[in-house]
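Below you'll find the structure, written out as structure tokens, and then a few comments.
The values are calculated or read from the model by the stated rules, or taken from the named source; none is laboratory data. As the structure is a computational prediction, the values presented were derived from the model and not from experiment. Glycine also receives a Cβ, built like all others from the backbone with ideal geometry; neighbour counts cover every protein chain displayed.
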Amino acid sequence: MSEHTDHAVVVGASMGGLVAARALSEAYAHVTVVERDPLPDVGLPGGATARRGVPQGRHAHGLLARGREALEELFPGLTDELIGYGVPPTDLQSGFRWINGGRLLCQAPSGLTALGVSRPLLESALRARVRALPNVTVADSCDAAGLTASGDGRRVTGLRVLRRGDSRTEEIVAADLVVDATGRGSRGPQWLAALGYPAPATERVEVGLTYASRSYRRAEDAPQGVAIAGTLANPRGGVAIPQEGDRWIVSIGGMLGDAAPLDHDGYTAFASTLPSPAIHELIRDAEPLSDPLRFRYLASTRRRYERLHRFPEGYLVFGDAISSFNPVYGQGMTVAALEALLLRECLREGTGGLAGRFLGSAARIVDIPWDISVGADLRFPGVAGRRTAKVRTVNAYLERLHRAAEHDPVVGRAFLRVVNLLDRPERLMAPGIAWRVLAARPSTAPTAAVAPVRVVVGAGAAAD
Ligand SMILES: Cc1cc2nc3c(=O)[nH]c(=O)nc-3n(C[C@H](O)[C@H](O)[C@H](O)COP(=O)(O)OP(=O)(O)OC[C@H]3O[C@@H](n4cnc5c(N)ncnc54)[C@H](O)[C@@H]3O)c2cc1C
């Protein structure tokens, strides 16, 4: 029998680890968050910067409406706090230009709030909130090296930790629960194998996405945001999100090896080849505040821990370590926040059988965003995967929906509510929406389109 410690350890102090720690703080006497990176105490908002362990932090991060709500449930007052730091709130529909299938979604007030918060500021604000919890300790510059377990291997009893520095001595941190929130590079499968457990089945959908991102100064009267989805004829896309500090963060890119150049002229010219000129118009005369930099994202990945027949008690996997989604759909942070709400609910029912209850229900949280993102990626012939009848029917229907949403704000709002994970996808097939979609004017040329470009597919996509 392991000794009862009333201590939970979270590995990783990024978005996933921080929201997990918040949920755990209600159920355990003490929570320790172990993070590999040094995490300086920053003055908000100016001191928030990207860090090594979260390289995606330098790229555009949209927070879905459901994610903002979930974070607000976990950290009451967060929205107002961020707005106080200069984060611009925007109506998701009237303030943002969504271009899907080359068509501008009808702009109208939706009552849904988008927050243009940079990823480093959001993480720093959450970290400050978590550090302020009296029973949570954040231990930075500490590398997690594996799990410890009871003699029969059935229960995880703690974490092996290497403190960064000269000695790099190993310590064992005893815990009743270890939560792996180390992101898409998680070594959870290897940690389990070392205890004699099988590896989870892993689903991968190769997208070979390359983001190229750059900040620009944003004029006060500038439009509020742009998101351009790739089309079949032109899979390039991009996003421009207004942020604190009167900045735009612009991420543009292509898939299956296609990438924007990183020199000024090449970057600007690439923006002019997206399925809409909206981002090019916004940046061509804007003052750049940084050089463009790249992020290569090879594949969406889902680890099916919930299907394992044997899994130790006292161990959970969380956030991107379970599922990492093609980032163009902006889902990862929202899924982590929803998993934190789930963890809180599970813990309210006690800790018995926690792994089975949590991982089973987390899989149901992942199902919808996974189907949305993978289903949309399978539109592109170069993306390998099984195109079920459902995937083909939904994609054909969405083409018609984007046509209707160009003129019909109700359809546009219904679409935004689904992709923001506020409503289930079936809502788009409900009679009140379906008849509007099917009654929409037959094919007219997309309003926002520019000529399709020839995209070289398969040239040099690399793993992140
Ligand atoms: C290019 C890109 C753009 C994205 N855009 C969006 C977006 O628009 N909207 C959105 O919601 N999501 C987006 N995401 C996803 C989002 O970044 C993640 O879902 C989110 O960060 C939650 O991930 P996580 O905390 O589970 O893992 P991560 O953010 O990867 O964090 C893992 C943490 O664990 C630490 N760590 C790793 N190994 C160890 C170890 N052995 N010991 C100790 N610490 C360790 C790391 O240093 C890091 O702090 C994007 C992702 C990418 C790649």
Identify, from the list 67, 53, the residue that is among the small types (Gly, Ala, Ser), within 16 Å of the ligand (Cβ to nearest atom) and surrounded by fewer than 20 Cβ atoms within 10 Å (Cβ to Cβ). 53
Residue identified as in contact (Cβ under 8 Å) with a residue 60 or more places away in the chain and more than 15 Å from the ligand (Cβ to nearest atom) among 214, 154: 154
With (1) buried (at least 20 other Cβ atoms within 10 Å of the Cβ); (2) not assigned by TED's automatic domain parsing to the domain that holds residue 313 as the list, and residue 222 as the residue in question, which single condition is left unmet? (1)
Residue selected from the stretch 101-154 under the condition basic (Lys, Arg) and surrounded by fewer than 17 Cβ atoms within 10 Å (Cβ to Cβ), by the criterion nearest to residue 313 (Cα to Cα): 154
Say whether the condition of being of a type in the set (S, T, N, Q), within 30 Å of residue 152 (Cβ to Cβ) and in a helix (DSSP H, G or I) is met by at least one residue in the stretch 317-338. no
Filter pass, residue 303 being more than 13 Å from the chain's Cα centre (by Cα), of a type outside the set (Asp, Glu) and crowded, with 21+ Cβ neighbours inside 10 Å: yes
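For (1) surrounded by fewer than 24 Cβ atoms within 10 Å (Cβ to Cβ); (2) near the ligand (Cβ under 7 Å from one of its atoms); (3) farther than 29 Å from residue 156 by Cβ; (4) at pLDDT below 95, each residue gets a yes or a no:
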{"position": "1", "(1), (2), (3), (4)": "yes, no, no, yes"}
{"position": "4", "(1), (2), (3), (4)": "yes, no, no, yes"}
{"position": "13", "(1), (2), (3), (4)": "no, yes, no, no"}
{"position": "20", "(1), (2), (3), (4)": "no, no, no, no"}
{"position": "29", "(1), (2), (3), (4)": "yes, no, no, no"}
{"position": "32", "(1), (2), (3), (4)": "yes, no, no, no"}
{"position": "45", "(1), (2), (3), (4)": "yes, no, yes, yes"}
{"position": "75", "(1), (2), (3), (4)": "yes, no, no, no"}
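Conditions tested, residue by residue: (1) under 21 Å from residue 373 (Cβ atoms); (2) crowded, with 24+ Cβ neighbours inside 10 Å; (3) in contact with a Pro (Cβ under 8 Å, 6 or more places away or on another chain).
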| residue | (1), (2), (3) |
| --- | --- |
| 183 | yes, no, no |
| 198 | no, no, no |
| 235 | yes, yes, no |
| 240 | yes, yes, no |
Being touching a Gly at 6+ places or on another chain (Cβ under 7 Å) and in contact (Cβ under 8 Å) with a residue 40 or more places away in the chain, is that true of even one residue in the stretch 162-170? no
